[in-house]
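The values are calculated or read from the model by the stated rules, or taken from the named source; none is laboratory data. Since we're looking at a predicted model, the values are computed, not measured. All Cβ positions, glycine included, derive from the backbone under ideal geometry; neighbour counts span all protein chains shown. Note: accessible area is taken over every heavy atom of the protein model, side chains too, but ligands, DNA and RNA are not part of it. Shrake-Rupley method; radii C 1.70, N 1.55, O 1.52, S 1.80 Å.
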Amino acid sequence: MKTHEQSTAPGPDADAADRPAASGRGAATDGTATNGAAADGAATDGVAVDGTIGVTAEGLPSWLDPVVHAARTVQPDQLSSFLPPESGAGRQSAVLVLFGEGERGPELLLMERSGSLRSHAGQPSFPGGSLDPEDGDQATIGPLRAALREAREETGLDPRGVQIFGVLPRLYIPVSGFVVTPVLGWWRSPSPVGVVDPGETARVFTVPVADLTDPANRATAVHPSGHRGPAFLVESALVWGFTAGVIDRILHFAGWERPWDRARQVPLDWRA
């Protein structure tokens, strides 16, 4: 991931008394869908009765306003130096970047992959996976449906409680050949989540955004191949790779990033 200058603007880890309630003012929106995703028939929770998925920022808590703005203005090369091949090659996939409101304020939903998997075993990640043909057009509604479907299959999440409010530019993971669309969601109506298939998922957990912005929990992950990228040591997990890169850029462009020691390193091994 590319590095950019740091922002010291206050983020969602401010004192609880200053934090807007979950039902606070929504960010301004023109009512159109993001990246061409159909907005017709969208319900307030983002998923209509007929299964249509809309993208809307109406009714969001005000602390999400900076994320909404970032999603609308950020350019692909500001998120990563790894962009989808111009040839169109790559396996289309999507992840759900789900924001909720927990006991300690804003939080993100993550999962830890099973240690028995052949690739990325034990690695924390966003819920997500490859697009299926029934998900629809990969350039419009497909990534939204795939992100919600995979989140339901992996964590038991009820998609009806999720409001999709934005879509980040597609990114590329060279080592696996995946072209990934990060789909941004607000967990308007939380539902129980947990491990659905132990063969794929070891655990499902949430991380307070305050912990992600805490400089004490940040480091630079260094792979034996020479690759370096942001990492987070939170909830007894080391979050690195693609997931950490997306979180890092969201924190930066939302103005939530706090100065942290980039010289602090966490070594990875070849199995990572």
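For the reader, a short list of remarks on this structure follows.
- Candidates per trypsin sites (Lys or Arg not before Pro) in segment 95-183, loop by DSSP, up to 13 other Cβ within 10 Å: R118
- Couplings for segment 80-88, taken from phi via the Karplus curve 6.51 cos²θ - 1.76 cosθ + 1.60 with θ = phi - 60°, read 7, 8, 9, 10, x, x, 5, 6, x Hz in order; Gly and Pro are left as x.
- About its Cα centre, the dipole of segment 53-103 is roughly 220 debye, where the only charges are +1 on Lys and Arg Cβ and -1 on Asp and Glu Cβ.
- The orientation-averaged shadow of the Cα convex hull for segment 165-207, equal to a quarter of the hull surface, comes to 4.7 nm².
- Remark: accessible surface ordering of E235, E58 (largest first) is E58, E235, probe radius 1.4 Å.
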